[in-house]
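The values are calculated or read from the model by the stated rules, or taken from the named source; none is laboratory data. Computed from a predicted model, the values in this text were never measured in an experiment. Here the Cβ is made from the backbone with ideal geometry for all residues, glycine too, and neighbour counts use every protein chain on show.
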Amino acid sequence: MGGIFGVASKRCCTLELFYGTDYHSHLGTRRGGMATYGADGFSRSIHNIENSPFRTKFERDVMEMKGNLGIGCISDYEPQPLLIQSHLGSFAITTVGKINNFDQLLKEVYANGNTHFQEMSGGQVNATELVAALICKQDSITEGIRYVQDIIDGSMTLLLMTPDGIYAARDRLGRTPLVIGRKEDAYCVSFENFAYVNLGYTDYRELGPGEIVLVTPDSVETMSPPRKSMRICSFLWVYYGYPTSSYEGINVEDMRYRCGSMLARRDAGTVQPDIVAGVPDSGIAHAIGYANESKIPYARPFIKYTPTWPRSFMPTSQEQRNLIARMKLIPVRALIEDKKLLLIDDSIVRGTQLRETTEFLYNSGAKEVHVRPACPPLLYGCRYLNFSRSKSEMDLITRRVIKDKEGEHAEAVLDQYADPGSDRYESMCSEICRRQNFTSLRYHRLDDLVESIGLPKCQLCTYCFDGKE
């Protein structure tokens, strides 16, 4: 996915930009970038962060870059921010989102006179550069951003920095958040609202779906009002969001406690584990909620070793990601041997890592391993945020199981596999449980997930669970 951060200050903002952007490192793993504007014009720095932290790569840039305006990003994909010269003037731009109709839009831009783009590795065009080209088809930046919001199939949240200030625009349906912080002589714009707290900012307001504002050191001016419909990603609370983050006023950690509590209530009287554990790190809060509700002790039967191992989904190779995930988790045999464990993970995508985790728990002496994913079965690949690296929906363990059961007719009955009251849903869960060698498996229900979050379902994106736009 990715995260973005911007600062408009009456003073040099580079240090605040550096730390605010760094606080988004949990959202992306491939590239980081910062751009500033000041008396000497625009400056920019981009680094590969696959094998070292953002802070390490950008410490020298903080001393060299100057300006009172700045935008930064953590990205899983293209290098950004980009510096653009156009008929609308010079600007820097960074984006978070996914463009499903990329090829169509690229053809239209070529047909309307755009002659070339810079080519990235792999022969791809930089999606942020395409967005900039589309914006520049209009007569003003605000009209251009609104145009982009309307024609992109997918999602698009962005920061665009001009010499006059920073345009901040939330995705048309608010699938990702964008929040403004305020302090004396400065405003900031952030994907994660916790990112500015230690910098002395307080919450000013959250942008509405599709809203566009111009942020300067003195003010926040609405350039295009928020739209009525919202579909914020429900998976932000389940997995992506940092525990201290809040979206639409709902804290991530608090939601995860509620999620675990509801899983425990569904389990009441059906299993008697000795301990409850969460797969580090994203399953821990869910597990605490389960333990608090069930009164079953919470424990850490394995510990995540992070000083030298990078995040498990960082490498491009799935085999390498699996190896790193395995190397990071070190068992505590005293808490595993002859124990019945109930294990909570944020989700089951391919199933590879969780199966290997289960096997090493058995090999360490566990008697039973009951698994409780903190979200419903993932039946559809994400169309909006790229939360999974899956290149095909057949990478999902659910879809492989369904295809084996239904053959070429699988697509026609997916809605039944999404219904926790159906026989097909039960048979899918039983088969996943068997293949993964779990003692038992029970997913978080979609209605319980919605209740855990606390927003109306019509305001949440649940596409990956039920296929509904």
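Odds and ends about this structure:
- Screening residue 363 with (1) closer than 18 Å to residue 343 by Cα; (2) crowded, with 16+ Cβ neighbours inside 10 Å gives one miss only, at (2).
- Applying the set (1) more than 27 Å from residue 232 (Cα to Cα); (2) touching a strand residue (DSSP E or B) at 6+ places or on another chain (Cβ under 6 Å) to residue 123 leaves exactly one unmet item: (2).
Yes or no, residue by residue, for (1) more than 19 Å from residue 368 (Cα to Cα); (2) modelled with pLDDT under 95; (3) of a type outside the set (A, V, I, L, M):
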position: 269; (1), (2), (3): no, yes, yes
position: 273; (1), (2), (3): no, no, yes
position: 278; (1), (2), (3): no, no, yes
position: 285; (1), (2), (3): yes, no, no
position: 288; (1), (2), (3): yes, no, no
position: 297; (1), (2), (3): no, no, yes
position: 308; (1), (2), (3): yes, yes, yes
position: 312; (1), (2), (3): yes, yes, yes
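- Tally of residues being in a strand (DSSP E or B) and surrounded by fewer than 21 Cβ atoms within 10 Å (Cβ to Cβ) across the range 366-393: 1
- When 90, 52 are checked against the criterion of being surrounded by fewer than 21 Cβ atoms within 10 Å (Cβ to Cβ), in the same structural domain as residue 178 (by TED's automatic domain parsing) and either on the phi > 0 side of the Ramachandran plot or at pLDDT 95 or above (or both), 90 stands alone in meeting it.
- Condition check for residue 152: within 20 Å of the chain's Cα centre (by Cα) and either without any contact (Cβ under 8 Å) to a residue 60 or more places away in the chain or surrounded by 23 or more Cβ atoms within 10 Å (Cβ to Cβ) (or both): yes
- Taking each residue of the range 445-462 that is assigned by TED's automatic domain parsing to the domain that holds residue 261 and looking for partners that are modelled with pLDDT of 95 or more and small (Gly, Ala, Ser) with beta-carbon atoms closer than 6 Å, six or more apart or interchain, yields 460/234; 462/234.
- Selection status of residue 413, in contact with a strand residue (DSSP E or B) (Cβ under 8 Å, 6 or more places away or on another chain) and assigned to a helix (DSSP H, G or I): no
- Within the range 336-363, residues that are aromatic (Phe, Trp, Tyr) sit with their Cβ atoms under 7 Å from residues that are in a strand (DSSP E or B), at 6+ positions apart or across chains, in these pairs: 360/331; 362/369.
- Of all residues making up the range 277-305, the number that are farther than 24 Å from residue 363 by Cβ and assigned to a loop (DSSP other than H, G, I, E, B): 1
- Residues located in the range 129-158, provided they are among the β-branched types (Val, Ile, Thr) and closer than 13 Å to residue 105 by Cβ: 131, 135, 148, 151, 152
Residue by residue, here is whether (1) farther than 16 Å from residue 69 by Cβ; (2) under 24 Å from the mean Cα position of the chain (by Cα); (3) of a type in the set (Phe, Trp, Tyr) holds:
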{"site": "162", "(1), (2), (3)": "no, no, no"}
{"site": "180", "(1), (2), (3)": "no, yes, no"}
{"site": "199", "(1), (2), (3)": "no, yes, no"}
{"site": "202", "(1), (2), (3)": "yes, yes, no"}
{"site": "217", "(1), (2), (3)": "no, no, no"}
{"site": "224", "(1), (2), (3)": "yes, no, no"}
{"site": "240", "(1), (2), (3)": "yes, yes, yes"}
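- The set of residues in the range 67-97 being of a type in the set (Ser, Thr, Tyr) and within 20 Å of residue 155 (Cβ to Cβ) consists of 75, 77, 94, 95.
- Residue check, residue 21 under 25 Å from the mean Cα position of the chain (by Cα), outside any loop (DSSP other than H, G, I, E, B) and under 17 Å from residue 161 (Cβ atoms): yes
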